[in-house]
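Everything below concerns the one structure shown next.
The values are calculated or read from the model by the stated rules, or taken from the named source; none is laboratory data. Predicted model only: the values in this text are computed from it and were never measured. So basically every Cβ, Gly included, is an ideal-geometry build from the backbone, and we count neighbours across all protein chains shown. Just the protein is used for accessible areas: all its heavy atoms, side chains included, with ligands, DNA and RNA removed. Shrake-Rupley method; radii C 1.70, N 1.55, O 1.52, S 1.80 Å.
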Amino acid sequence: MRIAVWADRGQLPYLSGWSVAKTLQSLYYPRSWNARVPIRGLDLLVAVDCSSDLHGVSITLDAEPTDGLHHRPMRLRNRWVELGE
């Protein structure tokens, strides 16, 4: 819901994934608002992307280049799986 509000206000294209994760973490896990790494917020972003077929919100990122030159667009859930291997 929060992501949809940012999209409706036109703010979402200007927010980094890191800032979205930090904000989500501070909203839903208020005791961890001062964490250096927003692990819980990043987990929320992964959960949003994994359930995109239910609500239509998908999260993409620029993954490391495979050719050494160009970053590749990739869904967050696919990158999460790739990093876990």
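Tabulated values for the structure
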read-out: In segment 26-65, trypsin sites (Lys or Arg not before Pro) in a DSSP loop with at most 14 other beta-carbon atoms within 10 Å; value: R36
read-out: The chain, accessible area per residue, ligands and nucleic acids excluded (1.4 Å, Å²); value: 75 Å²
read-out: Computed FRET value (nearest 0.05) for V57 with A35, which takes r as the C-beta separation and R₀ as 22 Å; value: 0.40
read-out: Size of electric dipole in the chain: Cβ of Lys, Arg +1 and of Asp, Glu -1, about Cα centre, debye, nearest 20; value: 440 debye
read-out: Options L15, S26, V57, ranked by Cα towards positive dipole end of the chain, top entry (Cβ charges); value: S26
read-out: Whole-number D in µm²/s for the chain (Stokes-Einstein; Kirkwood sum over Cα pairs; 20 °C, 1.002 mPa s); value: 155 µm²/s
read-out: Percent RCO, i.e. relative contact order, over the chain, from Cα pairs under 8 Å lying at least 6 residues apart; value: 17 percent
read-out: Accessible surface of the chain, 1.4 Å probe, proportion on carbon and sulfur as whole %; value: 56 percent
